[in-house]
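Worksheet: the structure to be examined is printed underneath.
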Amino acid sequence: MTADDAQGPEAEELEVSEAQIAVHWKEEEFYYPPPRFIGQANASDPAIRERFTEDKFPECFKEYADLLTWDEYWHTTLDTSNPPFWRWFVGGRLNASFNCVDRHLRTRPNQGALIWVPELESDETVVVTYRDLYRRVNETAAMLRDFCGLKTGDRVTLHMPMVPELPILMLACARLGVIHSQVFAGFSGAACGGRISDSQSRVLITMDGYYRNGDLLDHRVKADEAVARAKEEGQEVDKVLVYQRHPGRYTSKNPMVAGRDFFVDEVMASYEGQLVDPVSLPAEAPLFIMYSSGTTGRPKGCQHSIGGYLSYVTGTSKYYQDIHPEDTYWCAADIGWITGHSYIVYGPLSLGTTSVMYEGVPTYPDPGRAWRIAERLGVNIFHTAPTTIRMLRKVGSDEPTKYDYHFKHMTTVGEPIEPDVWRWYYDVVGKGEAVIVDTWWQTETGGFMGSTLPGLEPMKPGSCGPAALGIYPVIYDEDGEEVPRGSGRAGNICIRNPWPGGFQTVWGDPDRFVKTYYEKYNKDPESTDWRDWPYFANDGATQAPDGYFRILGRVDDVINVAGHRLGTKELESASVLVEEVAEAAAVPVMDELRGRAVEMYISLKPGVVAGPDVEEKIAKVIENEIGKVARPKNVWIVPDMPKTRSGKIMRRVIAGISNFTDVGDITTLANPEVVEEIRVQVQKAKEARGEVPRTLSEREEEELEAFGQAE
Ligand code: WT7
């Protein structure tokens, strides 16, 4: 929508929702997949869509489940008797570790399963073959079982960086049916501690350090904070297992705690060569928990199943990532996120391919690093996020041309990609030879929800494409009316049907699962017909006449910084830990590199005078509570927050100020006069710092418009 429209009748009404605003995107041209790609694609039969039409649901997903090796075949494909707690492949039994490791032993023992590239270029790349993987997963499982006392159904928290020990640990847990909860290494000790207590883990597994931008970070210090935080919240940790980034040379400044902390290398010596039978588990047993931020303070533990999840990520890895065993596949995400779980570890290894992991920053020590890795290892499938693509372009827009690598396939994931950035990815990174999939999905969905089939459907920059196979979306407005299909009008995208990769519940909080994702559009709470239970993705979207979806971003208050989803409530709760702070509001500000950055607006307690250090204190507490990635770009101490008469902070108004966009109608606020005061204060300071943004795209304005309206 244009700036003029923004002041039109819709914007006058404060409660107007994104769903009611018509959007007029400029339509992009289609790009067609290169013939060479089509010739070798896993999904090459145009009839594939027919195998997944709605009348074939849910049996269509048998095709994905049949990619796995089952100990016992299931008797019921989908059980809907306790909605919305769907059960897939009921009666089936399997083991995820067996499927990702053992079953490839006979066919490709000496093929690389993982190739690990350390950040320092002088350090040697490590190839973990399927045979090595088998041995190491078994030994690790023996240690988890016999030394840690972990058994099926227990939870264990991993706070591991990007090293091969992380996927090995995950697969060792899966072998025993122990539920892993991996916390992104960049998260703080406090954030890790909160997740330990939420998942009731007694064991924490971490590493002393890892490399980032050439520095060996002290990661082990976070374990002490994590254990302390978990204890405050009532969860005792009995054992902390510590891997050493440089075996035999402990690098953390914090000493090991006697009786609690153990070096893995020392413990593992007793388990050398041990084999552990994979435990045959029901398809619906949990495989892992992955935390995702939401509107309220506490992150949600998304619980994923063994059978449904593994089927779904294996099927989508095959058809959408086009993975063949002989490919060399590099997903540059972190395994600490769902992308890494699904599309570095479980999907690729289940298909028996070679999955590359990189420890560090893709532009370290220079802008050519990523492309050197691709050239040296012969990577032919490349997978990353728009934030990384923007960074690579900024620091070295010609670099890819200097290296002799050839991608057949590339992925973009995690946030909307600007068409201009998409074209650079296609022309320069992909050299015009690679097909691109723009995959829309979420921590909650386990695997792709929207994407083109790479060999069969044309690409459209900025659109994810149609729904994935077997996924039937609908766009609703706020009142539950269906937004006409293909109308280009924005609304809330929902998935009408269950799918095997969907999370099973919010760990320990089934009510929240129902409330956040199903209550809004449920048609009949008594119904056991899945058709009455659309899944509310909490994303805004439009659908073009050609059926392609454009995802507009979250409708709730989440700020997506470089692909990390930060809850506004989490940021605000952290800020009010600072003594002087009365109220805090977090808003996104458009940032060339990171997509979005965080800005905090703070009002102080009455009578308190802002000391010079209060801004830094707030930034620090956010870093400590959440992580460095959440550090605000600016902290503004303001006289008061703009509020509605019912006392809600109008984040949308503040976001308008931070981004130099229209603040909208403020006449219904309790204190409209404060808006101009803050605007002058903040924008003057920004101008002085040279932080005036470029003109925003319609989509960005649309996103800001929607921001803060979910409350
Ligand atoms: C949110 C999910 C997807 C796995 C990694 C992030 C946004 C995701 C796209 C895309 C536009 C996208 C959505 C979604 N998003 N993919 N291709 N185009 N937006 O998982 O942290 O759970 O975030 O990321 O808003 O809801 P996540």
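The values are calculated or read from the model by the stated rules, or taken from the named source; none is laboratory data. Note that the coordinates shown come from a computational prediction; the quantities given were computed from them, not determined experimentally. For neighbour counting, all protein chains shown are included, and Cβ atoms are generated from backbone atoms with ideal geometry for every residue, glycine included. Just so you know, the surface numbers come from the protein's heavy atoms only, side chains and all, with ligands and any DNA or RNA stripped out. Shrake-Rupley method; radii C 1.70, N 1.55, O 1.52, S 1.80 Å.
Data overview
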{"quantity": "Region 144-168 residues that are closer than 20 Å to Ser355 by Cα, paired with ones that are open to solvent by 10 Å² or more (accessible area, probe 1.4 Å) and among the β-branched types (Val, Ile, Thr) (beta carbon under 6 Å, 6 or more apart)", "calculated": "none"}
{"quantity": "Thr516 vs. criteria within 14 Å of the ligand (Cβ to nearest atom) and open to solvent by 20 Å² or more (accessible area, probe 1.4 Å)", "calculated": "yes"}
{"quantity": "Among (1) surrounded by fewer than 24 Cβ atoms within 10 Å (Cβ to Cβ); (2) closer than 25 Å to Ile335 by Cα; (3) aromatic (Phe, Trp, Tyr) - the single one Trp424 does not satisfy", "calculated": "(2)"}
{"quantity": "So Pro498, is it in contact with a Leu (Cβ under 9 Å, 6 or more places away or on another chain) and either in a loop (DSSP other than H, G, I, E, B) or touching a residue at least 12 places away in the same chain (Cβ under 8 Å) (or both)", "calculated": "yes"}
{"quantity": "Residue under evaluation Arg108, criteria (1) crowded, with 19+ Cβ neighbours inside 10 Å; (2) of a type outside the set (Asp, Glu); (3) within 24 Å of Cys173 (Cβ to Cβ), criterion not met", "calculated": "(1)"}
{"quantity": "Among (1) open to solvent by less than 40 Å² (accessible area, probe 1.4 Å); (2) within 26 Å of Lys222 (Cβ to Cβ), the one test that Ile649 misses", "calculated": "(2)"}
{"quantity": "Output for region 467-481, where each listed residue is under 10 Å from Pro534 (Cβ atoms), of a type outside the set (Phe, Trp, Tyr) and outside any loop (DSSP other than H, G, I, E, B)", "calculated": "Pro473, Val474"}
{"quantity": "Selection count, region 186-223, where residues are under 18 Å from Asp261 (Cβ atoms), part of a helix (DSSP H, G or I) and among the charged types (D, E, K, R)", "calculated": "1"}
{"quantity": "All positions within region 127-167 that are in a strand (DSSP E or B), among the hydroxyl-bearing types (Ser, Thr, Tyr) and either surrounded by 24 or more Cβ atoms within 10 Å (Cβ to Cβ) or modelled with pLDDT under 95 (or both)", "calculated": "Thr157"}
{"quantity": "Hits in region 541-579 - residues which are among the charged types (D, E, K, R) and either under 13 Å from Glu599 (Cα atoms) or in a helix (DSSP H, G or I) (or both)", "calculated": "Lys569, Glu570, Glu572"}
{"quantity": "Options Glu444, Glu433, Glu478: the member that is within 15 Å of the ligand (Cβ to nearest atom) and not aliphatic (A, V, I, L, M)", "calculated": "Glu444"}
{"quantity": "Count - residues of region 395-404 that are assigned to a loop (DSSP other than H, G, I, E, B) and either within 16 Å of the ligand (Cβ to nearest atom) or within 19 Å of Val361 (Cβ to Cβ) (or both)", "calculated": "3"}
{"quantity": "Among the residues listed as Thr411, Thr452, the single one being in a strand (DSSP E or B), within 22 Å of Thr387 (Cα to Cα), at pLDDT 95 or above and open to solvent by less than 10 Å² (accessible area, probe 1.4 Å)", "calculated": "Thr411"}
{"quantity": "Out of Lys628, Lys633, sole residue that is surrounded by fewer than 15 Cβ atoms within 10 Å (Cβ to Cβ) and closer than 17 Å to Pro588 by Cα", "calculated": "Lys628"}
{"quantity": "Residue, most open to solvent (accessible area, probe 1.4 Å), within region 671-691, restricted to residues that are assigned to a loop (DSSP other than H, G, I, E, B) and charged (D, E, K, R)", "calculated": "Arg689"}
{"quantity": "Criterion violated by Asp546 - all others in (1) open to solvent by 40 Å² or more (accessible area, probe 1.4 Å); (2) charged (D, E, K, R); (3) more than 28 Å from Gly446 (Cα to Cα) satisfied", "calculated": "(3)"}
{"quantity": "Residue count for region 370-381, restricted to those that are open to solvent by 10 Å² or more (accessible area, probe 1.4 Å), in contact with an Asp or Glu (Cβ under 9 Å, 6 or more places away or on another chain) and not in a loop (DSSP other than H, G, I, E, B)", "calculated": "2"}
{"quantity": "Any helices (runs of 4 or more DSSP H) falling wholly within region 254-369 and containing at least 2 residues that are within 16 Å of the ligand (Cβ to nearest atom) and closer than 19 Å to Tyr64 by Cβ", "calculated": "307-319, 347-350"}
{"quantity": "Residue count for region 25-48, restricted to those that are of a type in the set (Gly, Ala, Ser) and surrounded by fewer than 17 Cβ atoms within 10 Å (Cβ to Cβ)", "calculated": "3"}
{"quantity": "Filter result (within 16 Å of the ligand (Cβ to nearest atom) and of a type in the set (Ser, Thr, Tyr)) within region 522-557", "calculated": "Tyr535, Thr542, Tyr548"}
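To keep it simple, each residue is scored yes or no on (1) closer than 30 Å to Arg93 by Cα; (2) of a type in the set (S, T, N, Q); (3) open to solvent by 20 Å² or more (accessible area, probe 1.4 Å).
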{"position": "Phe263", "(1), (2), (3)": "no, no, yes"}
{"position": "Val267", "(1), (2), (3)": "no, no, no"}
{"position": "Leu287", "(1), (2), (3)": "yes, no, no"}
{"position": "Lys300", "(1), (2), (3)": "yes, no, no"}
{"position": "Gly308", "(1), (2), (3)": "yes, no, no"}
{"position": "Tyr312", "(1), (2), (3)": "yes, no, no"}
